[in-house]
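Bear in mind that the values in this text are calculations on the coordinates, not laboratory data. All of these numbers come straight from a predicted model, not from anything done at the bench. Here Cβ is always computed from backbone atoms with ideal geometry, including for glycine, and neighbour counts include all displayed protein chains.
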Amino acid sequence: MTTQQTKFIKMPKVLERTGMSRSTLYRAVDENTFPQPVKVGRAAYWIDAEVEGWLQDRIAESRVEVAK
């Protein structure tokens, strides 16, 4: 059985990968339209696989809209 290692990423990496601004990211988190961060002490991290899943969902949605 293989297990996938969970990788945490910090906000600058999330912003880089999504192209969002900090305020847009926080608004999306507040609206539950973006994965929630994991708090470790005072720091906030996102799970890399969840961010990647969110990106892939946005890509899939855009492909469906184009095909209509």
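In percent, what relative contact order does region 8-67 have, based on Cα pairs under 8 Å that are 6 or more apart in sequence?
Details: 40 pairs, mean separation 21.1, N = 60.
Once divided by the residue count of region 8-67, the mean separation gives 35 percent.
Tally Lys/Arg at +1 and Asp/Glu at -1 over every other residue whose Cβ is under 15 Å from the Cβ of S23; what's the total?
Values: positive: R22, R27; negative: D30, E31.
Residues near S23 contribute 0 overall.
Once you have the Cα-Cα distance between R17 and V64, take 0.36 nm times their residue separation minus that, and quote the gain in nm to one decimal.
Values: separation 47, 0.36 × 47 = 16.92 nm, distance 2.19 nm.
Stretched out fully, the R17 to V64 stretch lengthens by 14.7 nm.
What is the projected area of the convex hull of the Cα atoms of the chain, averaged over all directions, in nm²? Don't skip to the answer; put the middle values down first.
Working: hull surface 25.9 nm².
Hull-based average projected area comes out at 6.5 nm².
What helices in the chain pass both tests, a Cα length along the helix axis of 15 Å or more and a mean Kyte hydropathy of -1.0 or higher, using whole DSSP H runs?
On the way: long enough: 48-67 (29 Å, -0.47).
Membrane-span-like by this rule: 48-67.
Please give the contour-minus-distance gain from Q4 to L55: 0.36 nm per residue of separation, less the Cα-Cα distance, rounded to one decimal in nm. Intermediate results must be reported in sequence, preceding the final value.
Numbers: separation 51, 0.36 × 51 = 18.36 nm, distance 1.90 nm.
Contour length minus Cα-Cα distance gives 16.5 nm.
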